[in-house]
Structures are given as structure tokens and as C-alpha cells.
1. Taking interchain pairs and intrachain pairs at least six residues apart, which have beta carbon atoms under 6 angstrom, with the first residue in the stretch 56-78 and closer than 17 Å to Gln21 by Cβ and the second part of a helix (DSSP H, G or I) and not polar (S, T, N, Q)?
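The values are calculated or read from the model by the stated rules, or taken from the named source; none is laboratory data. The structure presented is a predicted model; accordingly, all values stated were derived computationally and were not measured. A quick note on method: Cβ atoms are made from the backbone with ideal geometry, for glycine too, and the neighbour counts reach across all protein chains shown.
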Amino acid sequence: MADEELVSLDGVVGGALSEAQVRGIIVQIDLDIMNLLRDGKLAAMKYDVGGDGPSGDRGSNLKALIEARGHYERLLEGMGCWVVTSSHES
């Protein structure tokens with residue numbers, strides 16, 4: 001059953017993401033953006049994955065990644081954070 005594709009999200013449950021998970025997602029998105037940019041073909045042209053595999057538009061994929069990153073940044077900002085400072089007197 002684990003190898004079957006989902007056809008709907010009915011019955012899928014999960015908890016809230018932790019700060020560490022959100023930061024990990026952002027790092028993965030950054031890596032995906034860098035790999036897309038490093039390929040050197042950012043022009044809005046189709047690219048093919050594996051011959052008969054899916055194709056996509058690099059510009060659209062970059063836009064989607066940037067939008068997803070923004071979503072997770074806002075989620076992270078909404079979690080709040082602690083700012084710890086120390087003062088050393090001489």
C-alpha cells in the first residue's frame with residue numbers, strides 16, 4: 001500500500017510542523033532553486049526529464065519554488081522566536 005499513489009487527501013492526517021521541519025523544508029527549497037539555476041537554462045523553455053518523462057518550464061518551476069519558500073518563511077515567522085543576547089561588561 002505504501003507504493004500506491006494517492007488519489008485524494010481523504011484520510012491523510014498529520015500534526016503541525018515543528019520549527020526544525022520548516023527550516024529543513026526551506027533548506028530543501030533553496031537547494032532545489034540552486035540546482036535549477038546552476039543548470040544554466042533558466043530561459044522559459046521546456047525541459048525534459050528522462051526522455052519520455054515529464055517536462056516542465058524552468059521559469060514556472062522557479063516561480064513555484066520561490067512562492068513555496070515565501071509560504072514557509074511566513075509560516076516560520078508566525079511561529080515566533082526567542083532572541084537571546086548577552087551583555088559583557090569590561
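1. That search, which allows pairs on different chains as well, returns Ala68/Ile29; Arg69/Ile29; Tyr72/Val22; Tyr72/Ile25; Tyr72/Ile26; Leu75/Val22; Leu76/Val22.
Residue-wise test of (1) among the hydrophobic types (A, V, I, L, M, F, W, C); (2) in contact with an Asp or Glu (Cβ under 8 Å, 6 or more places away or on another chain); (3) modelled with pLDDT of 90 or more; (4) surrounded by 10 or more Cβ atoms within 10 Å (Cβ to Cβ).
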site: Val13; (1), (2), (3), (4): yes, no, no, no
site: Gly24; (1), (2), (3), (4): no, no, yes, yes
site: Leu36; (1), (2), (3), (4): yes, no, no, yes
site: Arg58; (1), (2), (3), (4): no, yes, no, yes
